[in-house]
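One structure is given here, and the rest of the page talks about it.
The values are calculated or read from the model by the stated rules, or taken from the named source; none is laboratory data. Note that the coordinates shown come from a computational prediction; the quantities given were computed from them, not determined experimentally. A quick note on method: Cβ atoms are made from the backbone with ideal geometry, for glycine too, and the neighbour counts reach across all protein chains shown. These accessible areas exclude ligands, DNA and RNA; they are computed on the full protein's heavy atoms, side chains included. Shrake-Rupley method; radii C 1.70, N 1.55, O 1.52, S 1.80 Å.
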Amino acid sequence: MLKTTRRRFLKQCSMVAGLSLMPSFGWAGDAGNEELDKPYSGWREGEMDIHFINTGLGESAFLIFPDSTSMVIDAGDSGNGNDSIEKFPDRSRRPGDWIARYIQRVNPNGDQVDYFLISHFHGDHMGLPEWNTGKVGEGKEQYTLTGINYLGEVLHFKKGLDRGFPDYNKPAPYTSTQDRGDVVDNYRKFTEWKSKTDNLQMLPFQVGVSDQIILEKNRAKYPSFHTQNLYSGGIMWTGQGTETIDLSDRIVKDNVGCRPPENSLSIALGISYGPFRYFTAGDFNGHYTDENGVEHFMEEALARICGRADVSKANHHCWRDTMTESLLRSLQSRVYLANTWDAAHVAPEAVQRIANHDFFPGERLVCPTMVPSNFKNLYSTDERYKSIVAQEAIEGGHVVVKVFDSGKQYKVYYLSPKDENMTVRAVYGPYESRSNTDEIASV
C-alpha cells in the first residue's frame, strides 16, 4: 500500500497559500439523482464499501473489501448518550442489536464476518457492560451483551484484533479499578468464550506489517489491495519495511504506574485499493496534558508516516483538539468521516482546520453521521461551514463510501437512519482517487 520512497510530499504543500476558510463551491450532490429515494444498491464484486453506521450512541464501521472479505471496526454503546444527538432508528433496541441487523442487510456473506478490530478500549467503541441485553457464558466467563459482544452473538467472527492481546499490560496493565477496566474485562470474557465455542482467532495488532489484514476470499484477483498497520498502543511504524519505534515514553512520561490516556493508544490503519486510500485511527488525539503539566502532540508523529488518503476518518469524532495542521498536511483528504454521539463532536475548531486552504489545496467535504443540536444552526446557515459540511448530517444518516472502477473512483452516500430501508438521501461524487502512494514522509 505505502511504498517507502523517501520523498517528502509535504514540500509541495508548503508552497500553498490561500484563505483561512474555503470559499463556497457547488458539490456534486445531485450527480446520483437516479439513486435518490431508492434503497441503497449494495456492494458488488470488485467494489469496496465503507459503512459508518449511525446509532447516536457510539461508533461503528463495517467494511466490505473487493472480494467480499469483511471487517467490523468498533461497535460502541455509550449508554444513555447525549440529548444533543438523536438515537437511530429509535431506542427500542440497544446499539449492538441495530448494528448487527445493519450488517446482516449489507454483508454479502450473511452472518459470517472475517475480521473485527477494536480501535481502543472505550465503551463508545466496544460497549459499556452496564448497558446490556442479557448475559452469556458460564461462571467466571459470563459476560454482558453490549456493543461488540452483542455482535458476536449474532455474527460469526473469524479473527479479532485489538491493541492489547494477549496480556493487555502495555504500555500499562489494565485493572478493573482503573479507566473503566470493567469494559476490558467484559470484552476479554467475550473473546475467550468465543475462542472456545465459535472458533474465533484472536490476534495482536502487529504494527509495521502489511499482510495481517488481507483479502480472505480471492487475494490474487485484486493485487492492488493492501493494508498497512500504522500504530497501536504507543508503537508506531517508521515507514521503512516493518521497522517500528516505541513512543510510550511520550504518552506516559513521568507518570509511572498511571494509566495513559486511552485515546492516544488507538490503532491506526491505512487501506489501499488501486489509487484509493483510506485512513482510520480511532480516537487518536492531537494533544493532551499529563498529570505533571507536560503537553504531548501525538498527531505530529502520526503525520510523518500516514501518507495521503482520499477519505479519512476524522480522529476522535472530529473533536476540537484533533485533525491538527501537521496531520491534515499529510492526509490532504477530500472527504472526512465522523461518527457522532456527543455535543462536542464535529467541533467548529476542527472543521476550520480541515477547511484551511493554507494546509493543502482542493475541495473537501466533512461527513458526520449527525450534527449535534448545538451546532446545527452554525453548520446550516453560516456559509463558511455550509460549504464544507454535508447538509444531510443536520438530520443525520448512515454514511457510505463506495469505491469502484478498481479503486479509481468513489462516491459518498447518505442513507436515512430513521428505519431499516436503507433509503438514499444524497449522493456526492463520483470523485477520482488522487492519492499518490509513491510518496511518503519519513520518521
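Counting only protein heavy atoms and a probe of 1.4 Å, the accessible surface of the chain is 47% carbon and sulfur.
Taking a 32 Å limit on the Cα-Cα distance, which of the listed pairs Lys158/Lys376; Lys170/Lys402; Lys140/Lys418; Lys170/Lys376; Lys170/Lys418; Lys38/Lys217 fall beyond it? Among Lys158/Lys376; Lys170/Lys402; Lys140/Lys418; Lys170/Lys376; Lys170/Lys418; Lys38/Lys217, the Cα-Cα distance tops 32 Å for Lys158/Lys376; Lys170/Lys402; Lys140/Lys418; Lys170/Lys376; Lys170/Lys418.
Normalised per residue, the accessible area of the chain is 36 Å², obtained with a 1.4 Å probe and no contribution from ligands, DNA or RNA. Listed by chain and number, the aspartates and glutamates whose alpha-carbon sits under 19 Å from that of Lys408, ignoring those within fewer than 8 places in the same chain, are Glu45, Glu47, Asp49, Asp67, Asp310, Glu363, Glu432, Asp438, Glu439. Under the simplified labelling scheme, the Leu36-Asn80 pair shows an inter-label distance of 4.0 nm, with each label point 7 Å from Cα along Cα→Cβ.
A cut-off of 5 Å between modelled amide H atoms, ignoring neighbours fewer than 5 places along the same chain, links His156 with Gln112, Val113. Placing unit charges on each Cβ (+1 for Lys and Arg, -1 for Asp and Glu) gives the chain a dipole about its Cα centre, and among Tyr273, Ile354, Ser387 the Cα reaching farthest toward its positive end belongs to Tyr273. In this structure Thr381 has an accessible area near 80 Å², from a 1.4 Å probe over the protein heavy atoms. A simple charge model with +1 on the Cβ of Lys and Arg, -1 on the Cβ of Asp and Glu and nothing else charged puts the dipole of segment 86-158 at about 120 debye relative to its Cα centre.
At 37 °C and a viscosity of 0.692 mPa s, what translational diffusion coefficient does Stokes-Einstein give for segment 23-158, taking Rh as the Kirkwood radius over Cα pairs? Give it in µm²/s as a whole number. The Stokes-Einstein estimate is 204 µm²/s. For the pair Asp249 and Asp405 in one chain, pulling the backbone fully straight at 0.36 nm per residue adds 51.8 nm over the alpha carbon distance. Charged side chains reduced to their Cβ positions (Lys and Arg at +1, Asp and Glu at -1) give segment 99-257 a dipole of some 460 debye around its Cα centre.
With the contact rule set at Cα under 8 Å and sequence spacing of 6 or more, what percent relative contact order holds for segment 130-227? Please report the intermediate quantities before stating the final value.
Details: 88 pairs, mean separation 26.9, N = 98.
Relative CO of segment 130-227 lands at 27 percent.
Just checking the listed ones, Asp74, Asp182, Asp405: in the Gaussian network model of the chain with Cα springs under 10 Å, the one fluctuating most is Asp405.
Of the residues Phe375, Phe121, Phe52, the one that moves most in a GNM of the chain with alpha-carbon contacts below 10 Å is Phe375. Spin-label model, Glu395/Glu130: points 7 Å from Cα along the beta carbon direction are separated by 3.6 nm.
List, in the order given, every pair from Lys159/Lys196; Lys221/Lys411; Lys194/Lys221; Lys87/Lys194 whose Cα-Cα distance in the structure shown is over 20 Å.
Lys221/Lys411; Lys194/Lys221; Lys87/Lys194
Relative to the Cα centre, the charge distribution of the chain, modelled as +1 at Lys and Arg Cβ and -1 at Asp and Glu Cβ, gives a dipole magnitude of about 920 debye. Computed over the chain, relative contact order equals 22 percent, with contacts defined as Cα pairs under 8 Å that lie 6+ residues apart.
When volume of the Cα convex hull per residue in Å³ is calculated for this entry, the matching label among (1) 131; (2) 173; (3) 345 is (1). Think of the chain as having a plus end and a minus end, set by charges on the Cβ of Lys, Arg, Asp and Glu; of Gln212, Ser84, Pro261, Gln212 sits farthest toward the positive end of this dipole. Can you pull the Kirkwood radius for segment 295-401, inverse mean 1/r over Cα pairs, to one decimal in Å? Across segment 295-401, the inverse of the average 1/r is 13.8 Å. Computed over the chain, the per-residue total of -39500 (n - 2.57) for DSSP H runs of n ≥ 4 gives a 222 nm mean residue ellipticity of -5000 deg cm²/dmol, rounded to 500.
Please name whichever of Ala61, Ser119, Gly181 sits farthest to the positive end of the charge dipole of segment 34-193, dipole taken about the Cα centre and charges placed at Cβ: Lys and Arg +1, Asp and Glu -1. Of the options given, the answer is Gly181. Taking all Cα pairs closer than 8 Å and separated by 6 or more residues, the relative contact order of segment 83-177 comes to 33 percent.
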